[in-house]
Amino acid sequence: KEKIDSLTKRELEVLIQVANGMFNKEIAISLNISERTVKNHISSIFKKIEVSDRTQAAVFAIRNNIVKIF
């Protein structure tokens, strides 16, 4: 809960898209930000939720009901 609360609104949006399997470029286009900004958000997310890769971030998002899987 604390880890989730530490994420900004934008970081949550990025995390959801990472968990949905989107590439940085796709995330950048959908959020209308640069790919570099996406990379910065992702590294910030990894630090805050204490994971080291996209897969772990996606698992975190699913386990914490940030994204739903069907």
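Comparing 23, 46, 60 in a Gaussian network model of the chain (Cα springs below 10 Å), the most mobile by mean-square fluctuation is 23. The order of the peptides 48-54, 37-43 by mean Cβ neighbours within 10 Å, most packed first, is 37-43, 48-54.
Overall, the chain carries a charge dipole of about 40 debye about its Cα centre when +1 sits on the Cβ of Lys and Arg and -1 on the Cβ of Asp and Glu, all other atoms neutral. For the chain, the membrane-span-like helices by this rule, meaning whole DSSP H stretches whose C-alpha atoms cover at least 18 Å of axis and whose Kyte-Doolittle mean is -1.0 or above, are 35-49; this says nothing about an actual membrane. Stokes-Einstein, applied to the Kirkwood radius of the chain over Cα pairs at a viscosity of 1.567 mPa s and 4 °C, places its translational diffusion at 109 µm² s⁻¹. When the solvent-accessible area of the chain is split by element, carbon and sulfur atoms take up 54 percent of it, the probe being 1.4 Å.
The values are calculated or read from the model by the stated rules, or taken from the named source; none is laboratory data. As the structure is a prediction and not an experimental result, all values here were calculated from the model. Glycine gets a Cβ as well: all are built from the backbone with ideal geometry, and neighbour counts include every protein chain shown. Only protein heavy atoms, including side chains, enter the accessible area calculation; ligands, DNA and RNA are left aside. Shrake-Rupley method; radii C 1.70, N 1.55, O 1.52, S 1.80 Å.
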